[in-house]
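The values are calculated or read from the model by the stated rules, or taken from the named source; none is laboratory data. Keep in mind it's a predicted model, so treat the numbers as computed, not measured. Counting neighbours? That spans all protein chains shown, and the Cβs are built from the backbone with ideal geometry, glycine included. Side chains are part of the model used for accessible areas, which takes the heavy atoms of the whole protein and leaves out ligands, DNA and RNA. Shrake-Rupley method; radii C 1.70, N 1.55, O 1.52, S 1.80 Å.
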Amino acid sequence: MSNNLKYLYAIYGASGFGRGVMPLAREQLVAKNDQNYELVFIDDGACQSIVNGHRVYSFEAFLELDAVDKYIAIAIANSEIREKLVLKLDLVGIKAWSVYADTMIMMDEVNIGEGAVLCNHVHFTSNIQIGKYFHANYFSYVAHDCVIGDYV
């Protein structure tokens, strides 16, 4: 990684869901029109050093990388594992990153906690409360007045 990079963004999980989230994350960062970042995968069980053009680091190796700020979106379906990873991130002070596809629809009074991953064509109607580290895969729909907890 170049010494002049300011921000480091990572998708935690380089298999199935992580590979589906990575293009959404990349599009979100490109839309910010900021070139001072690197986008990588974190995967503690990875066998490859590059996946779909992005470097793959273990969590420990990621911690060693030099950056002003580091952000992680967790793309692991198992909610119990996701919750354990969040505790690990909190211990070292790494910030949660929410990835929202640009085709996602959010109507009135929708509140979503940090660390959400919202894929293409997710639709939220109105008056919805959603906890932290929520995942909504492609073409998901959440109707009015729903309350959804953390790590769902």
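General observations
- Fraction of accessible area attributable to carbon and sulfur, the stretch 6-70 (%, probe 1.4 Å): 47 percent
- Apolar share of the accessible surface for the stretch 76-152: 54 percent from carbon plus sulfur atoms, 1.4 Å probe.
- Angle between the chain longest axis and helix 16-32 axis [Cα atoms, degrees, rounded to 10]: 90 degrees
- In Hz, Karplus ³J(HN,Hα) per residue of the stretch 76-85 (6.51, -1.76, 1.60; θ = phi - 60°; x = Gly, Pro): 10, 5, 5, 5, 5, 5, 4, 5, 5, 5
- Given the alternatives (1) 15.8, 51; (2) 15.3, 47; (3) 20.9, 67, Rg and Dmax of the Cα atoms in Å as computed for this entry is given by (2).
- Relative to the Cα centre, the charge distribution of the stretch 1-127, modelled as +1 at Lys and Arg Cβ and -1 at Asp and Glu Cβ, gives a dipole magnitude of about 220 debye.
- Solvent-accessible heavy-atom area per residue, rounded to whole Å², over the stretch 48-119 at 1.4 Å: 54 Å²
- Among Gly131, Gly45, Gly20, the residue with the largest mean-square fluctuation in a Gaussian network model of the chain, with springs joining Cα atoms closer than 10 Å, is Gly45.
- When the pairs Lys95/Lys132; Lys6/Lys32; Lys88/Lys132; Lys6/Lys88; Lys32/Lys84 are compared against a 18 Å limit on Cα-Cα distance, Lys6/Lys88; Lys32/Lys84 fall above it.
- Ratio of Rg to Rh over the stretch 1-68 (Cα coordinates, Kirkwood Rh, two decimals): 0.95
- The H on the amide N of Glu114, modeled in the peptide plane, is under 5 Å from the matching H of Tyr133, each at least 5 residues off or on a different chain.
- Positive minus negative residues near Tyr9 (Lys, Arg vs Asp, Glu; Cβ under 13 Å): +2
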